[in-house]
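Visitor: This is the structure I have questions about; it appears just below.
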Amino acid sequence: MKPCIAIPVPHSTRPLYCRLSLPQYEDAVRQAGGEPLLIDVNATPSEIAQAIKRCDGVLLPGSPADVDPEKYGAARHPDTAPADAFRDNTDELLLQDAYNMRKPVFGICYGLQSLNVWRTGTLDQALPKGVNHKAGRNVAQAHRVAVDPESKLAAILREAGALPQLYRVETGRTGNPGHATDDLVILVNSSHHQAPEVLGDGLRLAAWCPDDSVKEAVEGTSPDHFVLGVQWHPERTCDSEPASGAMFRAFVKAAADWHKQLERKQQDFESVR
């Protein structure tokens, strides 16, 4: 049986955006061997809870909304978009279940930001000028991302043959000009205007933009729990970028493994009854 992947509808009041964006997430999950299950963010909490029980993993997609700055104790920047309380509530229910049950989590763009804030992190509401992080879906390769060679993300990409040779970049994690570091660099698309600032509990930096130090990917620190979040949109390039497909396959495989573990636990429980 294919692992069931919960995907909350991206926005509660933007049906056109949802119709255009959701098929790419669904297709990416199916290509990776999973079965997507859309979660209606306008449903009641009890209805959402019932749907969650069927899921083996959680995919948090992008959204035209921004996370409410009050959630991380910040004043609202003029460029911050209105929040979507229904999407926020659904993400929180999904994340609570995923962390309680150790279900795999994959956050994309807004999904990464939602994850980081839920884990008590903060967001940078005004990214540095220079790199165009808001390039949009029509720009396939907007900027570079340096991947920590020791990260789980690097291992996923390396195993799939999706990482290029080692490059030497002049701005590393510290953001200090002239600080040279050997990092694995990939090119990504980009459609965001915010990003993690202070990382949430149990999250570590996995990738960043070497040109302005914007945090571009995080991952969980627990070895027994698959948690990954990226600022770019791999669902848009699964057919053309090996790195994109590799992330979805790793996520869906983790969900399949989680389901197998659940079945074994249930069998063990039945055997001692």
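The values are calculated or read from the model by the stated rules, or taken from the named source; none is laboratory data. Note that the coordinates shown come from a computational prediction; the quantities given were computed from them, not determined experimentally. Cβ placement follows ideal geometry from the backbone for every residue including glycine, while neighbour counts extend to all protein chains displayed.
Visitor: Against the condition at pLDDT below 95 and at negative phi, how does S222 come out, does it pass?
Guide: Taking the combined requirement at face value, the residue does not satisfy it.
Visitor: Now, a different point. Being crowded, with 18+ Cβ neighbours inside 10 Å and under 15 Å from the mean Cα position of the chain (by Cα): is that true of V67 here?
Guide: Yes; evaluated as a whole, the condition is true for this residue.
Visitor: To continue, here is another question. Return yes or no: is A255 within 18 Å of L95 (Cβ to Cβ), more than 14 Å from the chain's Cα centre (by Cα) and either exposed (fewer than 15 other Cβ atoms within 10 Å of the Cβ) or in contact (Cβ under 8 Å) with a residue 24 or more places away in the chain (or both)?
Guide: Judged against the criteria, A255 is a match.
Visitor: Do we find that Y110 is crowded, with 20+ Cβ neighbours inside 10 Å, out of contact with any Cys (no Cβ under 9 Å at 6 or more places or on another chain) and among the hydroxyl-bearing types (S, T, Y) in this structure?
Guide: yes
Visitor: Follow-up question, since we're still on this one. Does D66 satisfy the condition of being in a helix (DSSP H, G or I) and either without any contact (Cβ under 8 Å) to a residue 12 or more places away in the chain or in contact with a helix residue (DSSP H, G or I) (Cβ under 9 Å, 6 or more places away or on another chain) (or both)?
Guide: So D66 does not fit the description; no.
Visitor: What do you reckon, is T80 touching a Phe, Trp or Tyr at 6+ places or on another chain (Cβ under 9 Å), surrounded by fewer than 24 Cβ atoms within 10 Å (Cβ to Cβ), modelled with pLDDT of 95 or more and closer than 19 Å to E197 by Cβ?
Guide: no
Visitor: V198 versus (1) hydrophobic (A, V, I, L, M, F, W, C); (2) part of a loop (DSSP other than H, G, I, E, B); (3) under 20 Å from R158 (Cα atoms): which is the lone unmet condition?
Guide: Only one criterion is unmet by V198, namely (3).
Visitor: What is the one condition in (1) touching a Cys at 6+ places or on another chain (Cβ under 8 Å); (2) within 17 Å of L228 (Cα to Cα); (3) part of a helix (DSSP H, G or I); (4) not small (G, A, S) that D27 does not satisfy?
Guide: With respect to (1) touching a Cys at 6+ places or on another chain (Cβ under 8 Å); (2) within 17 Å of L228 (Cα to Cα); (3) part of a helix (DSSP H, G or I); (4) not small (G, A, S), D27 is out only on (2).
Visitor: Further question: Give the stretch 120-161 a look and list any residue that's out of contact with any helix residue (DSSP H, G or I) (no Cβ under 8 Å at 6 or more places or on another chain), charged (D, E, K, R) and not in a strand (DSSP E or B), or say none.
Guide: K129, K134, E150, K152, R158
Visitor: A follow-up question, please. What's the total number of residues in the stretch 209-219 that are assigned to a loop (DSSP other than H, G, I, E, B) and at negative phi?
Guide: Total meeting the criteria: 5.
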